[in-house]
Amino acid sequence: MEKNSNIEMITGDPKNAINKLALPIIASMLLIMANNIIDSIWVAGLGAEPLAALGYVTPLFMILIGIGNGIGAGGNSLISRYIGAENHKSANNAAIHNFILGVIISIAVSAILLGLLKPLLIVMGAEAVLSYAMEYGIVIFSFSFAMLLPPIFGGAFRAEGDVKRATLPLAITAITNMCIDPIFIYTLNLGVAGAAWATVIAHIFSVGVMLYWMFIKKDTYLKYNRENFKNDFGMYKDILVVGIPASLEQLILSALTIVVNLMLTLVSGPVAVAVYTAGWRIVNIGMLPAIGVGTAAISVAGVAYGSRKYENLRVTARYAVKVALIASIVVCILLYVFANQIAVIFSYSQSSAHLAPLIASFMQIMCLFILYVPFGASAGNVFQGVGKGTISFILTAFREFVLVLIFAYVLGFTFHMGEFGIYCGMLLGGGIGSLICYACIELYIKKLIRGKENGSWR
């Protein structure tokens, strides 16, 4: 099949490909975060306890999103490598395997999270707001497929350079959620559960749009039909080799949030958790430019690796860091300057007004975390793009679950610095870990280039 404009773009100049892929990806990630932010804003009107309940469920919700993103990254990596090698038949087959795997995993994850929801919330320290947390969580995890499938399908769209199709359904989700959230929470008087129902319904619309493109309109570069499918357990394995470590990376990040919530509960109680929940979501939005550029690098790196153009791989890694760092510096400055105004969004009701100065102070400290993300995100995603998901996972686990937690515990508890110490520890551990990650990808690419020069290409 002839190449379309998207394929020509993704197989061409790495810098141009990253520039064209990154903005729509950042927009899609912003829309994903918007769904969480929208829920938090409306639920904040119910008081500090319901908002804290969302904070306890959020790590589990992000595990769900992380699994979808992880499997999507696995599919993206495999399909991109086939496209780079100009093997369109295998690229089609890989896309179908990605679809099948997404459906199977959706069913399994829903059953597991529903079964473990209550004990997990108790372990996380949510006893004080357990009823609110259960109301929200049961609805969300009963419809896990609606949250899982869009990022999995989106991984295939990004692999063929069609980021518009990966982004538009998420825009539909965010707009729908924004419109119906107050109706379900306040008009129908469903409270926290109403926020969950609005989120689920909005995501179902997103799934429907993607299925329409793939199976009814059928105008995508990758074709989803029986003629292009040949069951190959090796393809499932190849997707999971990247997908499982990538999903586990989000599990690590969610586990980090759980442990930080527990630490904050011990030093200050639910109020500190509410502040961290609101403030960290804003900081996460600030990370999106770096994460979006890194995600674009998955497709570009996969194509470069599949075509054995290792110099392009180096260009991809370095350019991704450069662009992401510039954007991150701008975002960091904006968050610091406008922290007080942003904090009002989560403290507009009388019952949550006292959180405003605490949230603002949190953001002015933790906005510095954004500056480290370009190095770790770009390195990890390039590793995923070349099919080395395990390396990416090991580096992320070491950074987040070893360095960050150790420094947070030492400064927060050993040195009795409380909340401030926990936040400073997160900054210190994250910075050191991110720089180590980037050093590793530089060494790996250098090894590839030397191997190609010596006649051993991989």
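Quick notes on this one:
- Point-charge dipole on Cβ atoms (K/R +1, D/E -1) for the stretch 170-276, about Cα centre, debye to 20: 300
- Filter on Lys223/Lys322; Lys15/Lys223; Lys89/Lys218; Lys388/Lys446; Lys164/Lys223 - keep pairs with C-alpha separation over 24 Å: Lys223/Lys322; Lys15/Lys223
- Computed [θ] at 222 nm, deg cm²/dmol, the chain (DSSP H ≥ 4; -39,500 (n - 2.57); rounded to nearest 500): -27000 deg cm²/dmol
- Count Lys and Arg as plus one, Asp and Glu as minus one, and take only other residues whose Cβ is under 13 Å from that of Thr220; the net charge is then +3.
- With respect to the chain, whose longest principal axis is taken over its alpha-carbon atoms, helix 418-453 is tilted by about 0°.
- Centroid-to-centroid separation of the stretch 374-397 and the stretch 187-242 [C-alpha atoms, Å]: 25
- Between 0 and 90°, nearest 10: helix 310-337 axis offset from the chain longest Cα axis: 20
- Contact order normalised by residue count of the chain, Cα under 8 Å, 6+ apart, percent: 23
- The trypsin sites (Lys or Arg not before Pro) found in the stretch 190-274 that occupy coil by DSSP, while having at most 13 further C-beta atoms within 10 Å, are Lys218, Lys230.
- On full extension, the segment bounded by Arg308 and Tyr212 gains 31.1 nm, given 0.36 nm per residue less the C-alpha separation.
Since every read-out is calculated from the coordinates, none of them should be taken as a lab result. Keep in mind that what you see is a predicted model, and the values were worked out from it rather than measured. Here Cβ is always computed from backbone atoms with ideal geometry, including for glycine, and neighbour counts include all displayed protein chains.
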